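The values are calculated or read from the model by the stated rules, or taken from the named source; none is laboratory data. Note that the structure is predicted; figures quoted are calculated from it, not measured. Every residue, glycine among them, receives a Cβ derived from its backbone with ideal geometry; neighbour counts consider all protein chains shown. Accessible surface is based on the protein model in full, side chains and every heavy atom, while ligands, DNA and RNA are left aside. Shrake-Rupley method; radii C 1.70, N 1.55, O 1.52, S 1.80 Å.
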Amino acid sequence: MSSGSLTAPVHRAAARRPSTPGSGFRRDIQGLRAFAVVVVILEHVFGWPAGGFVGVDVFFVVSGFLITGLLLDEHDRRGRISFADFYRRRVRRILPLAMLVLVSTYLASSLLFFGERVRATAWDALWAGLFAANWRFASTGTDYWQIDGPVSPLRHYWSLSVEEQFYLVWPVLLVAVLGLAARRGRYGSGSRWAVGVVLAAVVVGSIAFALWEVGHRPTVAYFSTFSRAWELGVGALLAVAAPLLARIPAPARPAYQWLGLTGLVVSVLVITAQSPFPVPGAFLAVISTALVIAGGVGGQRHMFPLTNRAVGYVGDISYSLYLWHFPLLVLIGAALPTGGHVVALLTLVGTAVFSVLSYHLVENPVRRSSWLERRPPGKPRQPSGVARIRRTAVLVTLAAVTVTVGTVAVRTSSSPQVGPEVTVVASQRELSQQIGAALDAADWPVLTPPPGELDTLGFTRGDGQGCRPSVPEGNDCTVTPRPRRLAVVVGDSIGSAWLPLVRRVLEPDGWEVRDLTYAGCPFLASDTVSPTASITETCPGHRRAVRTVVENSRPDLVILSNAYRQRFADTGGNPSLAEWEQAARTAKERWLGAAGRVVALQPPPLGPDPKTCITRLSAPRDCISALSEEYRTYAEADQRVWGGKGSWYIPTTDWFCLSGRCPIFIGGVIVRRDGNHVTPDYARRLAPLFDDALIPILGPPSTD
């Protein structure tokens, strides 16, 4: 999964007080932090290195080592661990900058986007502010209709949530273990052994759970605190074992660290979004990070790639770099949808500028202030820089908002508005003229449905839910009694999206239209893999249920439509065109023989998601797409299968495109709700064209 992220770094002073006396300031750890944030940013901005998202795993280990070392040091010095002091430090370190970025991102989103996307960003900000963003994104990541939706500008907060949830429990558990060990007369190394045993159990248990979760709920596993705890636990184990690690012979230390650094470089190059994560995908990065840390315990070693001053400064500001880069990438990309390299350049420059400013004006001053510190009784409150810090933070935020507002004001007049009731198109000639006008449009017309409501568009009547009992919450697909004229629609969510069109044409003529579609489950004679694991599991049973309905009810008409881009289970990825064509042909010949007539409806061409490309700063040209060669090739294969003997094929490319170019709206109606599903309004608008295409197949409509 490419949506990697980075946890909040531990404050620089933490690296100055490791659990092993005399080891000094760990420049190598600052270098690890720099490595982690740089590879994450590169992967997000340029898509390379493919495994750059393992930077989060590096930081989990580093954080577990430093935080646990601080807690153990405090226990060794004071004989106890203060929860109040620990959480005060965490709040002072994490909260101010996190809140500044959250507020700034929401304000910018509300000025750039419309309706539902602004509301979604507000919810993302709320969950992130409560350090529970990982569970929100795990939930949306398992929702079929949100998987391919717009990327949240706050999605990177998931890892910060994982870390803070871990530290809500770990200090309490550590104190409990140390207290129990003390009551049993175990001090010093004995108590460390007790902590180590508990930590080992946590690590092993988390790995075991992650193995199960990756196999059953891979999306949830990626975001899950329970599946990620072992990475922080490995870092904590290094802190517990610091006295032993300090005994590593000096000549061997460089070998540990260089081997670890090599492993990190290899991990970002060989790990991909398809690797099972976090287990076993993160093993190499975690072990490599542990080797670098272990090699530096008990003695200072200089590794130029990790310990030079430039890298050290990047490590210092890594928290700011991480928090700012992703919102800037998403927001700038939305404002300049065709920006390409310009978006990347602006993102990198903006990230550097905002990070340096926020580090020196907000992050560092707050961390060094006495904010939240307890004041001894009778001691007057000393003036501090907190007021100045707050004023600076407000000024920075206001400056960012002012720039955004000024930019938006320039384009407000061209922002799309809500359109009137949709009317049908009379002919293909009229539609082509409207497509041409949309391609030439310089400003947004009034649009239907409103751009801000695209996220709320859902299928009606439970469409696309699959068939019981294979799909527990699906529809009852049995047909009893058999209507006089029965039409069934089969396929995946593309078929579901065509249902408003099919109903508008057939139902007034006395047909009963039954929905046998299942979103994410194409009607192909091959096991397919859906982005949602539950759909992958229930899809074969749904197909069998559809075949049973067709065989028993013998429908007069079957209308089929599938997405072209699929993943086959037996090939482990995208099938070849020949494999896809054979799966479609087998479905036609073996599964639909009992149907009276079979009609395949071509899926819409792929294009940009209107929720991303229609913004207050964009123009209609920013949302124009071109027919891809892949789409053309699949369309030819589609026609070979269904345009032959025993079935009919209805091409739809001309309903969306003119001369290979496809606008996002036609006649004031938004064409797609996302990248490939037609909106209900536009589907119904095409009714006369679909009716004309059916006349040679079914004959003229009845007049009775």
For this session: Report the local net charge at Thr478: Lys and Arg +1, Asp and Glu -1, summed over other residues whose C-beta lies under 15 Å from its C-beta.
Result: +2
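Is the chain best put as rounded, prolate or oblate by its Cα gyration tensor, with a ≥ b ≥ c the root eigenvalues, rounded for a/c under 1.5, and otherwise prolate when a/b is larger than b/c, oblate when not? Each step should come with its number before you reach the end.
Numbers: a/c = 2.59, a/b = 1.84, b/c = 1.41.
The shape class here is prolate.
Segment 444-544: which GluC sites (Glu not before Pro) are DSSP loop and have at most 12 other beta-carbon atoms within 10 angstrom? Walk me through the numbers on the way to the answer.
Working: sites: Glu453, Glu473, Glu512, Glu537; in loops: Glu473.
Loop-located and lightly packed - Glu473.
Roughly speaking, to the nearest percent, how much of segment 582-704's 1.4 Å accessible area is carbon and sulfur? Intermediate results must be reported in sequence, preceding the final value.
Numbers: 2260 of 4710 Å².
It is 48 percent, rounded to a whole number.
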For this session: Pull up the DSSP beta bridges for the chain and report the antiparallel fraction as a percent, rounded to 5.
Result: 30
Exercise. Counting only the heavy atoms of the protein chains, how much of Arg504 is accessible to a 1.4 Å probe, in Å² to the nearest 10?
Worked result: 110
Exercise. What whole number of Å gives the distance from the Cα centroid of segment 302-336 to the Cα centroid of segment 339-361?
Worked result: 9
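On the protein heavy atoms, probe 1.4 angstrom, tell me the percent of accessible surface of segment 19-176 carried by carbon and sulfur.
About 65 percent, which is the carbon plus sulfur part of the accessible surface.
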Exercise. Once you list every other residue whose beta carbon is under 10 Å from the beta carbon of Asp691, what net charge do they have if Lys and Arg are +1 and Asp and Glu are -1?
Worked result: -1
For this session: Determine the shape class of segment 196-331: with a ≥ b ≥ c the square roots of the Cα gyration tensor eigenvalues, call it rounded for a/c under 1.5, and otherwise prolate if a/b is greater than b/c, oblate otherwise.
Result: oblate
For this session: Count charges around Leu524 for me, please; just the other residues with Cβ under 14 Å from its Cβ, Lys/Arg as +1, Asp/Glu as -1.
Result: +1
Problem set entry | Area accessible to solvent at Thr528, 1.4 Å probe radius, in Å² | 10
Exercise. What's the carbon and sulfur percent of segment 215-332's accessible surface, probe 1.4 angstrom, rounded to a whole number?
Worked result: 74
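Show that you can apply the helix-only estimate: for the chain, add -39,500 (n - 2.57) for every DSSP H stretch of four or more residues, divide by all residues, and state [θ] at 222 nm to the nearest 500. Kindly include the intermediate steps, with their values, before the conclusion.
Details: 28 runs with 398 residues, N = 704.
It comes out at -18500 deg cm²/dmol, rounded to the nearest 500.
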Exercise. How far, in nm, would the chain grow between Val91 and Val342 when pulled straight, counting 0.36 nm per residue and subtracting the alpha carbon separation?
Worked result: 86.7 nm
Problem set entry | Cα-based shape type of segment 81-155, given that a ≥ b ≥ c are square roots of the gyration tensor eigenvalues and the cut on a/c is 1.5 | oblate
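Show me the trypsin sites (Lys or Arg not before Pro) within segment 550-656 that DSSP assigns to loop and that have at most 12 other Cβ atoms within 10 Å of their Cβ. Spell out each step's value before the answer.
On the way: sites: Arg565, Arg567, Arg585, Lys588, Arg590, Arg597, Lys611, Arg616, Arg621, Arg632, Arg640, Lys645; in loops: Arg565, Arg567, Arg616, Lys645.
The qualifying sites are Lys645.
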Exercise. What does a probe at Thr423 reach in segment 630-668, counting residues whose amide N is under 18 Å from the point 7 Å along Cα→Cβ?
Worked result: 666-668
Seminar exercise, completed: Rounded to the nearest 10 Å², the 1.4 Å probe accessible area of Arg119 is 120
For this session: Post the alpha-carbon centroid distance, segment 222-242 to segment 474-531, in whole angstrom.
Result: 48
Seminar exercise, completed: To the nearest Å², the heavy-atom accessible area per residue of the chain with 1.4 Å probe amounts to 42
